[in-house]
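Undergrad: Quick one: the structure is below, and I'll ask about it shortly.
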């Protein structure tokens, strides 16, 4: 019989809305993937590595050249120092990295602080590992952490905190003050922070991403997770990185070996090449996405929607209540895809308890014409909602 932990789970909201988009021929501003095919030089390098390179099992922890490239990238961009041989593990995407971290570190009954709205893989993986999620709800429009909410969540059983920064779905780059408070909490209560930082390069000036690992006392108590798919706009590649102090990394590698064991060698070769050579990408890519974000925000504003600020990721959010929509976000999202032809993500689906029901997430990593038409269709959905 199916285990109850998984049998009771609904279909992920991303799969649900993308399926509805396909069924209704809708513009998909829901699931977070770009229209652009990604850097051609990387795609060609991956193809060459398939044809001319090694296609058997690579080392379990990743190709040495990719592990060195990851360490070099973080040294240059974030001032972090990792030993490629003992502190970097390559995984089959960031979700696998999360699974390895949770399964390797969480013992049955351990409490894990998680902030909602949240990436929907966190809770089933934590519970599969035997952990107990302690949910902290964040609220629009700024989604800030406070010392009071952090301290209130800690008990003698608390062992871990999960931080997503920059944040999906809110588009927030967590401010220094909030990160410093979280670091102090981890040090004071001897907590390990599992840091989902897959959007770390998709940050728009003047915002700056700062890794929690860089704060005082955190170097040895952080698991830092990155994603080549997000860095290079190649979401189907599923090449992730886990960086941690050697004692933690050893545990993570042992879990990884029994999940996917390893990751396609041609993709590893191409990602290593990209990390080492595409220096201009780190300024050009976020600038291009920032322009797309601004175009969608302006189009939605012209249509009368209240748009929340977005400092990074592929996402911005609309406040439905402030935009004159009385319908809840789930009902409005379904009406929009089925009757107006535009798919979005209702942010309430990314809460487990006491959801905020007025926020809709949209992906702006799309062509200008798609964004313009998507904003028109969302306005049409609002008109339809008013007639009900």
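The values are calculated or read from the model by the stated rules, or taken from the named source; none is laboratory data. What you see is a predicted model; the values in this text were computed from it and never measured. Cβ: placed from backbone, ideal geometry, glycine included. Neighbour counts: every protein chain shown.
Undergrad: Where in the stretch 1-109 are the helices (runs of 4 or more DSSP H), entirely inside, with at least 2 residues that are over 24 Å from the mean Cα position of the chain (by Cα) and under 30 Å from residue 210 (Cβ atoms)?
TA: Working: elements: 4-7, 13-24, 40-52, 64-78, 84-87, 94-105.
Result: 64-78, 84-87.
Undergrad: Right, here's the next one. Give the residue, chosen from 158, 170, 146, that is farther than 12 Å from residue 212 by Cβ, touching a residue at least 24 places away in the same chain (Cβ under 8 Å) and in contact with a helix residue (DSSP H, G or I) (Cβ under 7 Å, 6 or more places away or on another chain).
TA: Working: 170 fails: in contact with a helix residue (DSSP H, G or I) (Cβ under 7 Å, 6 or more places away or on another chain); 146 fails: in contact with a helix residue (DSSP H, G or I) (Cβ under 7 Å, 6 or more places away or on another chain).
Exactly one residue qualifies, and that residue is 158.
Undergrad: Another question, if that's okay. Looking at (1) buried (at least 21 other Cβ atoms within 10 Å of the Cβ); (2) under 29 Å from residue 318 (Cβ atoms); (3) in contact (Cβ under 8 Å) with a residue 60 or more places away in the chain, find the lone condition where residue 231 falls short.
TA: In the conditions (1) buried (at least 21 other Cβ atoms within 10 Å of the Cβ); (2) under 29 Å from residue 318 (Cβ atoms); (3) in contact (Cβ under 8 Å) with a residue 60 or more places away in the chain, residue 231 misses (3) alone.
Undergrad: Criterion first (in contact with a helix residue (DSSP H, G or I) (Cβ under 8 Å, 6 or more places away or on another chain), assigned by TED's automatic domain parsing to the domain that holds residue 73, part of a loop (DSSP other than H, G, I, E, B) and within 24 Å of residue 288 (Cβ to Cβ)) does residue 198 satisfy it? Lay out the reasoning, then the answer.
TA: Values: in contact with a helix residue (DSSP H, G or I) (Cβ under 8 Å, 6 or more places away or on another chain): yes; assigned by TED's automatic domain parsing to the domain that holds residue 73: yes; part of a loop (DSSP other than H, G, I, E, B): yes; within 24 Å of residue 288 (Cβ to Cβ): yes.
Yes: the conditions hold for residue 198.
Undergrad: Quickly run through the stretch 268-306 and pick out the residues that are in a helix (DSSP H, G or I), over 20 Å from the mean Cα position of the chain (by Cα) and buried (at least 18 other Cβ atoms within 10 Å of the Cβ).
TA: 268, 269, 270, 272, 273, 274, 296, 297, 299, 300
Undergrad: Hey, any hits in the stretch 72-81 for a residue that's touching a strand residue (DSSP E or B) at 6+ places or on another chain (Cβ under 6 Å) and on the phi < 0 side of the Ramachandran plot?
TA: Taking the stretch 72-81 first, the residues touching a strand residue (DSSP E or B) at 6+ places or on another chain (Cβ under 6 Å) are none.
Among the residues of the stretch 72-81, not one is touching a strand residue (DSSP E or B) at 6+ places or on another chain (Cβ under 6 Å) and on the phi < 0 side of the Ramachandran plot, which makes the answer no.
Undergrad: Somewhere in the stretch 214-221, is a residue in the same structural domain as residue 162 (by TED's automatic domain parsing), part of a helix (DSSP H, G or I), surrounded by fewer than 22 Cβ atoms within 10 Å (Cβ to Cβ) and in contact (Cβ under 8 Å) with a residue 24 or more places away in the chain? Explain how you work it out, then say what you get.
TA: Residues of the stretch 214-221 that are in the same structural domain as residue 162 (by TED's automatic domain parsing), as a first pass: 214-221.
Within this subset, residues satisfying the condition of being part of a helix (DSSP H, G or I) are 214.
Add one more test, that the residue is surrounded by fewer than 22 Cβ atoms within 10 Å (Cβ to Cβ), and what stays is 214.
Next, only the ones that are in contact (Cβ under 8 Å) with a residue 24 or more places away in the chain stay: 214.
Yes, some residue in the stretch 214-221 is in the same structural domain as residue 162 (by TED's automatic domain parsing), part of a helix (DSSP H, G or I), surrounded by fewer than 22 Cβ atoms within 10 Å (Cβ to Cβ) and in contact (Cβ under 8 Å) with a residue 24 or more places away in the chain.
Residue-wise test of (1) surrounded by fewer than 23 Cβ atoms within 10 Å (Cβ to Cβ); (2) modelled with pLDDT of 95 or more; (3) touching a strand residue (DSSP E or B) at 6+ places or on another chain (Cβ under 6 Å); (4) assigned to a loop (DSSP other than H, G, I, E, B).
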| position | (1), (2), (3), (4) |
| --- | --- |
| 156 | yes, yes, no, yes |
| 162 | no, yes, yes, no |
| 169 | no, yes, yes, yes |
| 178 | yes, yes, no, no |
| 185 | yes, yes, no, no |
| 194 | no, yes, yes, no |
| 223 | no, yes, yes, no |
